[in-house]
Structure formats: C-alpha cells, structure tokens
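Engineer: Sending over a structure as structure tokens; questions will come in a sec.
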Amino acid sequence: MTETQKHRWALNFWREDRLLSFFLVFLVLMTIFVPMVGLSRPARIAIDLTFALMLLSGALATVNARLLMYLIVALTILEFTADLIVEFNPSYSFGGWDTAIKISGMAILVIMTLKQTFLPGPVTVHRVMGGVAAYLLIGVTWAFAYKLLIEAIPDSIHFQTPLAAGVSTGEPARLLYFSFETLTTVAYGDAYPVHRVARSLAIAEALIGQLYPVILIAALVGMALQERFTAGLKETEDKKPV
C-alpha cells in the first residue's frame with residue numbers, strides 16, 4: 001500500500017467506518033455507567049466484559065496494522081481470562097500483571113486514535129467522534145494506571161469515603177471517578193493523591209486534560225479552514241479560461 005493509498009484509506013475510515021460508534025458507546029459505558037454498577041459478582045463480570053468489548057471495538061475501529069490488531073486481541077483475551085480467574089479464585093493474584101496488560105492495550109488504542117484524529121483531511125463527524133473517544137480513553141487509561149499504583153502502594157491515593165468490608169482498594173469505579181475528576185480538573189476534594197508517584201500521575205493527567213481540548217479544537221479548525229481554502233482554490237482554477 002502506497003502512502004497515497006494509506007492517506008486515502010485513513011480519510012475514508014473516518015467517513016465510512018461505523019465501528020467507531022460502537023467504540024465510543026463502550027467508552028461511555030465504561031466512564032459513566034460503570035461507577036453506577038454494584039459490587040456483586042455478576043456486576044464485576046459485566047464490567048470486565050464491557051472493558052474487553054471496548055478494547056476489541058477500539059482495535060477494529062482504529063488499528064489498520066494487522067500485527068497491532070492481533071496484539072490487542074491477544075491482550076484482551078489475556079486480561080479477560082485473568083479477570084475471570086481472579087473473580088472465581090480470589091486467593092490467586094497476578095501481582096499487577098493483569099492491570100499492566102489492560103494499560104498496554106489502552107495505550108496502543110490511545111496512540112492509534114490520536115493518529116487517525118490528527119491526520120490531515122476534511123473535518124467529519126467521525127473525526128470529531130474519534131477526538132472524543134481519545135479523550136475518554138485517556139481518562140480510562142489513567143484510571144487503570146492509578147489502579148496499578150494502588151496495587152503496589154495501597155495508600156497512595158486517599159479517599160474520604162471508606163470502602164465496604166472486603167472490597168479491593170483498586171476497585172475500578174472510584175478510580176474512574178478520581179481519574180476523570182483529575183482530567184477535567186473538577187477537584188471536589190473527596191479524593192486526592194498522597195504518594196509522590198500518584199501526584200506526578202495526577203499532574204500529568206490534569207495537564208493533558210487542559211491542553212488536549214485546546215489542541216483538538218485548534219487542529220479541527222485548522223483542518224476545516226485548509227479544506228475550505230483548497231476547495232476555493234480548486235474552484236478558482238476550474239473557472240480559469242483554457
């Protein structure tokens with residue numbers, strides 16, 4: 001595939017591929033509805049399944065390299081299997097490797113989604129959806145980064161509301177809440193980082209949360225203006241007498 005063909009494929013991707021819609025739906029489910037779900041076993045399995053489907057739909061929607069596609073599918077199968085093993089055998093622990101697998105898969109999707117979003121070309125609905133998906137994916141990725149940190153250092157993030165007895169310190173719902181609270185710089189004050197690594201992660205996420213919307217809007221406006229200029233230039237050339 002030549003560079004021109006790759007560029008054309010990328011542009012057609014945002015116009016025609018509806019898999020991005022499913023990817024965005026699963027991201028919304030993860031960010032908004034997961035914190036509402038209870039902590040029963042069926043609820044936890046449903047969360048794990050939603051996460052796996054989010055990774056798979058993201059891979060289908062954003063990854064055009066076959067090797068990366070296979071890698072994300074393999075990571076998804078591994079992390080979902082690990083979640084099920086821990087769910088039915090709580091005494092078994094992967095020492096944070098299951099969370100690291102999740103972060104690896106999401107990191108690949110973040111890069112691929114951003115790459116597609118900022119490619120030159122016309123501004124379409126799917127391109128805007130890709131920008132929104134990347135923003136939500138960053139928040140989810142950071143939530144699992146906090147989870148990995150808490151698994152190593154349980155008191156690295158302080159939550160004023162104590163957990164119920166038997167609930168893991170890395171319970172994903174409250175970490176998603178803390179992550180998006182940091183990403184959007186809302187800062188309700190009911191949770192804050194204590195450990196220096198947690199503070200560094202929070203600073204990085206807050207900076208991304210502030211800079212990303214500005215960069216995205218500037219890029220989309222620039223693409224729209226460039227497309228309008230190119231169309232006007234072509235129209236002028238067509239009107240010139242032969």
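The values are calculated or read from the model by the stated rules, or taken from the named source; none is laboratory data. The shown structure was predicted, so the numbers you read here are calculated from the model rather than taken from an experiment. Cβ sites come from the backbone with ideal geometry, for glycine too, and all protein chains shown count toward neighbours. Areas reflect the complete protein model, heavy atoms only, side chains present, ligands, DNA and RNA absent. Shrake-Rupley method; radii C 1.70, N 1.55, O 1.52, S 1.80 Å.
Engineer: Calculate, for Leu220 and Val37, the FRET efficiency according to 1/(1 + (r/R0)^6) with r their C-beta to C-beta distance and R0 45 Å; round to the nearest 0.05.
Structural biologist: In this case the efficiency is close to 0.85.
Engineer: Arranged from highest to lowest average of other beta-carbon atoms within 10 Å per residue, in what order do the peptides 100-109, 64-73, 45-54, 139-148 appear?
Structural biologist: In decreasing order of mean packing, 100-109, 64-73, 45-54, 139-148 become 139-148, 100-109, 45-54, 64-73.
Engineer: Given a Förster radius of 51 Å and the C-beta distance between Asp190 and Lys234 as r, what FRET efficiency does 1/(1 + (r/R0)^6) yield to the nearest 0.05?
Structural biologist: For R0 = 51 Å, the calculated efficiency reads 0.40.
Engineer: In Å², what does the accessible area per residue of region 15-125 work out to with a 1.4 Å probe?
Structural biologist: Numbers: 5690 Å² over 111 residues.
Value returned for region 15-125: 51 Å² of accessible area per residue.
Engineer: If you find the alpha carbon centre of region 64-97 and of region 118-148, how far apart are they in angstrom?
Structural biologist: What the calculation gives is 22 Å, centre to centre.
Engineer: Ranked from highest to lowest mean number of other Cβ atoms within 10 Å per residue, what is the order of the peptides 196-204, 77-85, 176-184?
Structural biologist: Per-residue mean Cβ counts within 10 Å order the peptides as 176-184, 77-85, 196-204.
Engineer: Here's something else I'd like to know. Please report, as a whole percent, how much of the solvent-accessible surface of region 82-206 comes from carbon and sulfur atoms (probe radius 1.4 Å).
Structural biologist: Carbon plus sulfur share of accessible area: 68 percent.
Engineer: Starting from the Cα-Cα distance between Tyr92 and Leu207, subtract it from 0.36 nm times their residue separation and give me the gain in nm to one decimal.
Structural biologist: Details: separation 115, 0.36 × 115 = 41.40 nm, distance 3.68 nm.
Fully extending the segment from Tyr92 to Leu207 adds 37.7 nm.
Engineer: Please state the shape class of region 58-184: rounded when a/c is under 1.5, otherwise prolate if a/b exceeds b/c and oblate if not, all from the C-alpha gyration tensor.
Structural biologist: oblate
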